[in-house]
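Below you'll find the structure, written out as C-alpha cells, and then a few comments.
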Amino acid sequence: MAVDFAVVPVAGRGTRLLPLTKSQPKEMLPVGRKPVVQYVVEELARCGIGRLLFVTGPGKTAIENHFDIDVELINNLRETGKEELLTELAFEREDLEYFYTRQRRQLGLGHAVLCAQPVVGSQSFVVALGDSIIGLHAQSEVVRTMIEKYEATRAVAVIAFEEVPPEDVIHYGIAQPRDGGHEVFELGDLIEKPGVNEAPSNLAVASRYVFSPAIFDYLKRTPPGKADEIQLTDAIRMLIRDGRKVLGVRLGADERRFDIGNFESYFLAFAEFALADPQYGAALKNHLKGLLQGAR
Ligand code: UTP
C-alpha cells in the first residue's frame, strides 16, 4: 500500500522564540496569511497523505482547534453576508483524517517520533516538522517524490535535503553522500552541525522524512544526546552504520525550506511571504524601499 500516513511533531517548547511562544504554539505563528502548520498540512495533502497524526504537548490545543470544522463560524459568515470569506476556511475540508497523541515529556524530536509508534504500528510513514514550511514559489511535491523513491528502492529511510551556503552548515545536520550528491543519493553518514571545514557537503536536512517502521527500534536504542534529548539524527546514523539503505532527495530548484524555529529565519520567512502576497505585497515592497532609503 502506498505511504499515506504522516506524523507531524508539534510538541516542542519553542524556547528560542520566547516570549512569543510562552502561551501559543510556534507552529501557529503567522507567516503571511496562514499559521505555519497550515502550510505543512496543505503540502502533505497535496503529496497524497490521507491520514495525519499530530504529536502534541502542553499548550498546543490551538492546533487541534485550527483543523476542526467550525460550523458556528461558517454559519456566522453566511448569516452576516461574508460568504466571500468562506474560501479562507477551505483548508478545513481537506480530505484528511486527523489523529492526535501527546508527548508527555519534551525529550526531543526523536522521542516525539517514538510517541507515534502506537498509532503508526507497522506501516511506513512520513515525518514532517510542524515548524518548517517548504515553499515559497513552488507548491512543493518533494514528499511525493520521496515516497516514490522509498517505494521503488529497498531504502529504510528517505530524507529531504536543501543546499545551503557553505558558512551555514554549522546550523544543520549535513549529508555525507556516498555517490556524489545527485538529485537522489545514498547517504554514507549524517553529521550534526559540522564546522565549515569539516562539512562533507553543503546539503542540510530539510525537515521532511519517510521511514520504515524499523526506525522505532533504532529510536528505542538511541541514548539521550545533546540537552538530554533523543535525537532523530542519531537514530538515522545507527541505521546507516547497520548497513541499511538511507536515501537523500534534494529539494527542487524553486523550493526552499523556511525554518520558523528562531527569530532570524522567522523574520525572513514572514517578510518573504508577506512580500509575495497578491493583495498587499506591492505596497509592502514600496514601504520597505522607503524605509531602506531612509525616507520614513
Ligand atoms: P526544535 O528542534 O526546534 O525544538 O523542534 P523545540 O523544542 O520546539 O524548540 P527550542 O529549541 O526550544 O526553541 C523541531 C520540531 O520538532 C518538534 C517541535 O514542535 C518542532 O515542530 N518537537 C521538538 C517535538 O515535538 N518534541 C520535542 O521534544 C522537540
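Take Ile170 and Ser122, extend 7 Å from each Cα along the Cα→Cβ direction, and tell me the distance between the two endpoints in nm.
It is 4.8 nm.
If I take R0 = 45 Å and measure r between the Cβ atoms of Asn75 and Glu163 in this structure, what FRET efficiency does the formula 1/(1 + (r/R0)^6) give, to the nearest 0.05?
0.40
Take Lys226, project a point 7 Å from its Cα along the Cβ direction, then tell me which residues of the stretch 1-39 have their backbone nitrogen under 17 Å from it.
12-17
Along the charge dipole of the chain, Cβ charges K/R +1 and D/E -1, which of Leu251, Gly14, Phe161 sits furthest on the positive end?
Gly14
Reachable aspartates and glutamates from Lys226, Cα under 13 Å, same-chain residues fewer than 8 places away excluded?
List returned: Glu192, Asp234.
What's the angle, to the nearest 10 degrees (0 to 90), between helix 142-152's Cα axis and the longest principal axis of the chain?
Between the helix axis and the principal axis of the chain, the angle is about 30 degrees.
Going by average Cβ neighbours within 10 Å, how do the peptides 48-58, 100-110, 70-80 rank, with the highest at the top?
Order by mean packing, descending: 48-58, 100-110, 70-80.
Could the peptides 11-20, 120-129 be put in order, highest first, of the mean number of other beta-carbon atoms found within 10 Å of their residues?
Top of the packing list down: 120-129, 11-20.
Taking the Cα-to-Cβ direction at Glu97 and at Ala283 and moving 7 Å from each Cα, how far apart do the two end points lie in nm?
4.5 nm
Relative to the present Cα-Cα distance, how much length would full extension add between Glu198 and Leu18 at 0.36 nm per residue of separation?
61.6 nm
Ignoring everything except DSSP H segments at least 4 long, calculate the 222 nm mean residue ellipticity for the chain; use -39,500 (n - 2.57) per segment, divide by total residues, nearest 500.
So the helix-based figure for the chain works out to -8500 deg cm²/dmol.
Rule-based calculations on the coordinates, nothing more; no lab input. The structure presented is a predicted model; accordingly, all values stated were derived computationally and were not measured. In this analysis, Cβ positions are derived from the backbone assuming ideal geometry, glycine residues included, and neighbour counts consider all displayed protein chains.
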